[in-house]
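Scroll down for the structure; my scribbles are underneath it.
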Amino acid sequence: MTHIGRNIGRYRILEELGSGGMSVVYKGLDTALDREVAVKVLHPHLANKSESRRRLAREAKAVARLHHPNILEVFDFSAEGAQDAFLVTEYVRGRTLKECVDELGRLELPELAAMIIHELAAALAHAHEAGVIHRDLKPENVMVREDGVLKLMDFGIAKLLDIEDRMTVTGALVGSPAHMAPEIIEGHEAGAEADIFSLGTILYSLIVGRLPFTAANATATLKRILDGAYEDPRQRVPTLSDELAEICATCLARDPARRYSNAGKLRDALGDYLAGLGFARVGEELASFFADPPSYQKLMRPRIIATLLERGERLLADKRTPRALACLNQVLALDATNARALGLLQGLERERRVKLWRARGLKLGMGLVVASVLAVGLHLFQRRAPEAAPAVTSSARVSPKKVPKTAPVEKPSPPGPLEHATVTPEPARPNPEKRLVPRPEPVPREPVRAVPESVSILVRPYGYIRVDQGARSDKPLAQHMVELTPGPHTVTITCDYCEDAQETIDVRRGVENVFALRALLKRSRLSFVYEPADALVRVGGEARTVRESQERPFEIQSPRGPASFQHRVEYEVSHNGYLTEKRVANLEPGKSTTLRGALVAE
């Protein structure tokens with residue numbers, strides 16, 4: 001039943017703006033204040049529930065306290081005894097973010113996506129500080145005003161439905177389930193971290209052009225969210241920086257504790273990133289973008305390139321080569337023929353070659369020096385060998401020389417007082433031709449320093465790392481960039497839910513060093529409380545009765561490198577005369593879990 005032409009309270013309904021699974025939105029006129037408003041009227045299946053109406057009033061009062069330029073302002077809501085359950089907000093001339101993106105297609109530059117999410121995070125930060133959680137973030141719930149200002153709407157509206165209803169209703173309430181945080185799917189209460197996850201899905205979709213957890217149907221999509229399985233956006237968008245990719249990954253972390261704890265921290269992270277590229281006034285930049293998207297993106301690209309080149313040169317001067325390379329690679333992704341970036345890379349390559357040849361030349365020079373010293377030593381040894389013969393002592397008698405018979409023999413002089421004359425040989429005089437060659441002075445040996453290589457360590461799903469005996473990394477990440485000298489290194493992977501796991505990597509020179517390592521979840525214990533108590537439980541290859549599982553729980557261990565920080569366990573409970581029950585449970589690592597239930601008789 002349409003409300004067009006009717007009055008709901010003091011609001012005259014003028015036209016329908018849109019409808020969904022839980023409400024219809026109309027353009028209305030506030031007859032008391034003579035201003036245009038938007039009137040959201042709940043469908044009868046919600047309006048007839050007293051609990052839903054109480055929740056609507058509670059949420060409306062909470063949101064009405066929020067005053068932020070990026071939050072749709074709430075003016076009024078229906079009284080408890082009113083025939084219709086409705087919410088009155090400011091009227092925004094514009095389109096939803098989904099409509100804008102559908103028209104524009106994928107954004108050319110990831111930084112535009114960062115700007116949009118920055119504004120939404122700023123609005124959410126204001127709400128989170130007031131204790132208000134949105135619970136249903138998606139592009140359909142973001143309005144882009146005609147002047148380019150973003151307006152976040154439908155705060156708390158998802159809480160009008162029970163958990164069971166949320167999992168079955170489609171349309172305006174949950175939109176695509178691809179935006180739902182895993183803890184909501186599991187039936188837990190949504191917190192600020194759930195809003196962060198939803199913002200992460202929007203950020204990813206704006207960058208890549210499709211949702212991170214999209215699948216053939218809603219069930220498959222929910223499973224992918226629970227598994228935490230999505231493609232690295234850098235595989236599809238080469239212009240995406242590592243820094244922005246890391247921000248996106250933090251938002252999409254499977255474990256809420258690994259995400260930003262509130263929207264304020266996400267806003268600050270995006271603000272710092274954008275300010276570093278010269279986009280400090282995000283609101284003004286977005287206004288220019290939405291006014292003329294093609295022209296703005298054409299001008300935005302050279303601004304980013306200039307900033308990245310300047311940063312890259314500064315990092316090179318500071319000898320921070322890996323980060324400089326990341327900047328230059330991003331420049332070339334934006335402009336493959338950029339002469340300045342290519343020149344810097346060529347300079348780095350020349351410097352690398354010079355260092356390599358210097359290292360080789362130093363080794364060759366040291367070898368020649370050693371060879372020369374050995375040759376000189378051998379020569380001296382050979383020259384001094386004849387002088388090593390025994391010397392004639394002073395007590396040795398000198399035999400008379402044999403003289404030819406034809407030669408006249410001179411008579412010896414009369415002997416002196418001694419009967420026998422002895423001859424003492426003269427000491428040997430040094431031969432100037434046999435002068436010792438001085439030993440060359442040793443050449444000072446310059447220490448050869450191994451040049452570190454840039455190494456990428458991928459941890460599945462994510463975690464801290466410690467290389468050799470060094471300090472642990474500051475954050476648990478899915479990708480760690482480190483600089484290591486060539487050769488073997490021991491990497492220890494840790495996390496709050498993991499056993500310490502060690503792996504050895506071999507860093508090689510001159511190649512792309514990428515190592516995929518895997519975390520090892522702590523074991524969990526699983527027991528059952530089922531009726532009948534002698535029912536048989538099968539978990540993997542083990543089987544025992546319900547009663548036995550309480551005395552001797554199943555030990556659950558997942559293979560290394562799971563998709564998320566949970567053990568996914570398939571179990572079967574069976575008994576004669578009862579329907580067999582097959583289910584899947586997600587267990588927290590390192591904890592004991594008891595599953596309860598009762599089999600249904602055939």
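Brief remarks on what is shown
- The numbered conditions (1) modelled with pLDDT of 90 or more; (2) on the phi < 0 side of the Ramachandran plot; (3) of a type outside the set (Lys, Arg) are all true for residue 185 except (1).
- Search result, residues across region 1-40 that are under 43 Å from the mean Cα position of the chain (by Cα) and in a strand (DSSP E or B): 17, 18, 19, 23, 24, 25, 38, 39, 40
- Residue that is farthest from residue 94 (Cα to Cα) [pool: residues in region 28-53 that are of a type in the set (Lys, Arg) and either crowded, with 19+ Cβ neighbours inside 10 Å or modelled with pLDDT under 85 (or both)]: 49
- Conditions (1) modelled with pLDDT of 90 or more; (2) assigned to a loop (DSSP other than H, G, I, E, B): number failed by residue 244: (2)
- Hits in region 556-589 - residues which are touching an Asp or Glu at 6+ places or on another chain (Cβ under 6 Å), surrounded by fewer than 17 Cβ atoms within 10 Å (Cβ to Cβ) and not in a loop (DSSP other than H, G, I, E, B): 582, 584
Here is a yes/no grid of residues against (1) assigned to a helix (DSSP H, G or I); (2) surrounded by fewer than 21 Cβ atoms within 10 Å (Cβ to Cβ); (3) modelled with pLDDT of 90 or more; (4) more than 24 Å from the chain's Cα centre (by Cα):
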| residue | (1), (2), (3), (4) |
| --- | --- |
| 266 | yes, no, yes, no |
| 271 | yes, yes, yes, no |
| 274 | yes, yes, yes, no |
| 311 | yes, yes, no, no |
| 325 | yes, yes, no, no |
| 328 | yes, no, no, no |
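- Within region 275-282, one or more residues are touching a residue at least 40 places away in the same chain (Cβ under 8 Å), touching a Gly at 6+ places or on another chain (Cβ under 9 Å) and not polar (S, T, N, Q).
- Filtering region 214-238 to residues that are surrounded by fewer than 18 Cβ atoms within 10 Å (Cβ to Cβ) and part of a loop (DSSP other than H, G, I, E, B) leaves 214, 215, 216, 217, 229, 231, 232, 236, 238.
- Of all positions in region 498-518, none carries a residue that is surrounded by 14 or more Cβ atoms within 10 Å (Cβ to Cβ), touching a residue at least 60 places away in the same chain (Cβ under 8 Å) and touching a Cys at 6+ places or on another chain (Cβ under 9 Å).
- Failed item in (1) outside the structural domain of residue 470 (by TED's automatic domain parsing); (2) crowded, with 17+ Cβ neighbours inside 10 Å; (3) more than 28 Å from residue 601 (Cα to Cα), with residue 553 passing the rest: (3)
- The one condition in (1) in a helix (DSSP H, G or I); (2) surrounded by 14 or more Cβ atoms within 10 Å (Cβ to Cβ) that residue 254 fails to fulfil: (1)
- Only a single criterion out of (1) under 30 Å from residue 579 (Cα atoms); (2) touching a Pro at 6+ places or on another chain (Cβ under 8 Å) is not satisfied by residue 544, namely (2).
- Filter result for residue 219 (in the same structural domain as residue 122 (by TED's automatic domain parsing), under 22 Å from the mean Cα position of the chain (by Cα) and of a type in the set (S, T, N, Q)): no
- Test result for residue 16, loosely packed, with under 15 Cβ neighbours inside 10 Å and in contact with a strand residue (DSSP E or B) (Cβ under 8 Å, 6 or more places away or on another chain): yes
- Within region 468-491, tally of residues that are surrounded by fewer than 19 Cβ atoms within 10 Å (Cβ to Cβ) and either outside any strand (DSSP E or B) or more than 17 Å from the chain's Cα centre (by Cα) (or both): 13
- Boolean, residue 111 is closer than 22 Å to residue 292 by Cα, among the acidic types (Asp, Glu), buried (at least 23 other Cβ atoms within 10 Å of the Cβ) and touching a residue at least 40 places away in the same chain (Cβ under 8 Å): yes
- 2 or more residues closer than 30 Å to residue 465 by Cα: qualifying strands (runs of 3 or more DSSP E) within region 500-542: 501-507, 513-518, 524-531
- Extreme residue, modelled with the highest pLDDT, among residues of region 166-175 that are surrounded by fewer than 18 Cβ atoms within 10 Å (Cβ to Cβ) and of a type outside the set (A, V, I, L, M, F, W, C): 168
The values are calculated or read from the model by the stated rules, or taken from the named source; none is laboratory data. Keep in mind that this is a model prediction, so the values were computed, not measured. Quick reminder, even Gly has a Cβ in these numbers, built from the backbone with ideal geometry, and neighbours come from all protein chains shown.
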